[in-house]
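Q: Just dropping this structure here.
Derivation of every value follows stated rules applied to the coordinates shown; laboratory data play no part. The structure displayed is predicted, hence computed values, not measured ones. Reconstructed Cβ throughout: ideal geometry from the backbone, glycine too, with neighbour counts over all protein chains shown.
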Amino acid sequence: MLQGRKKLAILMGCGVLIAFVSMPKVAFAGGFQLMEENVTNLGNAFAGTGAEAADASTEFYNPAGMTLLDNPQFVVGGTLIDVGLTSDVTSASSTTSINLGPLGTTTTTSNITGNSSTNPGGIVAIPEFHYVYPYNHYWAIGFGVTTPYGLSVDYPQESLNRFIATKSFVGTVNFGPTVALQLLTPLSVGGGLDVQYIDATLNQMVLPFLTDLQGDPFTNEGDDWAVGWHAGLLYQFTCDTRVGASYHSQMHYTVNGDSTITTSSGAETGTFTSDVTLPDYADLSFYHDFNTKWAVLASLDYTHWSVLQNITANFAGNIANSVQETNIPLLFEDTYRVSLGLNYRPIRRLLLRTGVAYDQSPVKNSQTRTFRIPDSDRYWVGLGGQYVINKKFTLDAGYTHLFTNNPYGINSTITINGTLPGPGGVAIPFTDTETAVGSFDGVLTNSVFS
């Protein structure tokens, strides 16, 4: 039996694996980055994650912190996210331009009808698993299974924005072996590989033959693997004060998958390819014990979201007879996240946590906000605690509430390039531009145990 602490988990065994497969239901941090890789720091609004090194989850946030752990540790847990998100679309239109060659280009604009108010949010569990084995006071190894990115919003096929988006899903699972080394008494370094799997679904309705304003379901499901890395350092000024810095690399994917347009006369099938780069990000964290009861934590995080400007999919196979390319403009900008936390230990077995954070969104205005990623700046308020059951088991729980500047507007446009069947089998090119205008109103809450 391991001699260190083991987290008392609510999600165990097969339940954890099922939760990893089910993936996140919504984006939760800026863009669709997920902060929820442990329960311990949730009550602090994830302040100080790169410096506190409270448990084995430091292998993900800052692997250098593994040198502060005295005994082997498992951390297993999960986060429940509840998003109350309402979408109100005030208008939607479809503009199709058909290139008739010598006869010129003809353009037709149609107003879309359908459900104006929908609720694309939901509730889901996000799992976590971390393990650290310290060989001695100088070096340690670790391994984690985490979900660094995830989103899913799901609109009904009758919604006004159906020609822009119905179901949008991006799920990741990251497998990360790590190692840490104490170079000097105050300085430790650590790093590891990130072997990451992505699963993506981008569905919508389309008008491949311009005959039905309800549209036909257009489904696209694909996946891929990518390899990256993360590293960090930890410097202890005194036994009570330390600073940590960490970096996670970009992940480059070529997502390949299957596409289907289902019509009243049958289905067109094919494949699609989309190159996607998920951003690199860095963290600077601070931790200080005032005494045996009080401690303060702080973090500054930077995410290089500007590497993701659009999502373009290219199609092959029979489906390319109708749709050859879709383009979703994102125009993301780089973001910062600032957080501050406070710990209080009234008795030896009990630790109370609180924290606040300001979380920038890579989406800067309604013109660049999309129905697939209905994001805005967020303000976090968190409460949490830890109870030491015995030398081997502890229980953590936390709750956060995220506030947005409601309501926040959206004016979203996408383009689809394809062909129509012409006389004598000649393919006639067309460009379809879909636009929807409206607003979102959302409240996000987050409760966890581990």
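Q: Tell me the label-point distance for the pair residue 181, residue 344, using the 7 Å Cα-to-Cβ offset, in nm and rounded to one decimal.
A: Distance between label points: 4.3 nm.
Q: Still on this structure, please answer the following. Pick from 371, 393, 332: which residue has the top mean-square fluctuation in a GNM of the chain where Cα pairs under 10 Å get a spring?
A: Sorting by GNM fluctuation, first place goes to 393.
Q: Given 0.36 nm per residue, what is the gain on full extension from residue 157 to residue 269 after removing their alpha carbon distance, in nm?
A: Extra length available between residue 157 and residue 269 comes to 38.4 nm.
Q: Fewest Cβ neighbours within 10 Å first, please rank 352, 202 accordingly.
A: 352, 202
Q: Between the stretch 147-200 and the stretch 322-359, how many Å separate their Cα centres?
A: The two parts, judged by their Cα centres, are 13 Å apart.
Q: Now, a different point. Out of 52, 268, 128, any idea which swings most in a Gaussian network model of the chain, alpha carbons joined below 10 Å?
A: So, out of 52, 268, 128, the one fluctuating most is 268.
Q: While we're on this one: Taking the 0 to 90 degree range and rounding to the nearest ten, how far is the long axis of helix 13-22 tilted relative to the main principal axis of the chain, both from C-alpha atoms?
A: Around 30 degrees separate the two axes.
Q: Related question: Where in the stretch 289-311 does the label zone of residue 336 land, with the point 7 angstrom along Cα→C-beta and an amide N cut-off under 16 Å?
A: 298-306
Q: Moving to a separate point now. Could you order peptides 379-385, 308-314 by the average number of other Cβ atoms within 10 Å of their residues, highest first?
A: My ranking of the peptides, most packed first, is 379-385, 308-314.
Q: Evaluate the distance, in nm, between pseudo-label points positioned 7 Å from the Cα of residue 427 and of residue 277 along their respective Cα→Cβ axes.
A: 2.9
Q: Sort 316-322, 171-177, 35-41 for me by packing, meaning the mean count of neighbouring Cβ atoms within 10 Å per residue, highest on top.
A: 35-41, 171-177, 316-322
Q: Turning to a different aspect of this structure: What dipole magnitude, in Debye to the nearest 20, does the stretch 6-449 give about its Cα centre under +1 on Lys/Arg Cβ and -1 on Asp/Glu Cβ?
A: 1360
Q: Which of [x] 36, 25, 20; [y] 46, 34, 23; [z] 46, 21, 18 is the computed semi-axes √(5λ) of the Cα gyration tensor in Å for the structure on display?
A: Step by step, semi-axes √(5λ) of the Cα gyration tensor in Å for this structure corresponds to label [z].
Q: So which aspartates and glutamates pass the test for residue 364, namely a Cα distance under 17 Å, with those fewer than 8 places away in the same chain ruled out?
A: 333, 334, 375, 377, 441
Q: Calculated FRET efficiency, residue 225 and residue 115, Cβ-Cβ r, R0 45 Å, to nearest 0.05?
A: It comes to 0.75.
Q: Give the aspartates and glutamates whose C-alpha is closer than 19 Å to that of residue 293, dropping any in the same chain fewer than 8 places away, or say none.
A: 52, 55, 240, 396
Q: Note down the relative contact order for the stretch 6-449 as a percent, whole number, built from C-alpha pairs under 8 angstrom at least six residues apart.
A: 19
Q: I've got another one for you. With each pseudo-label sitting 7 Å past Cα toward Cβ, what's the residue 108-residue 239 distance in nm, one decimal?
A: Each label point is offset 7 Å from its Cα along the Cβ direction, giving 8.0 nm.
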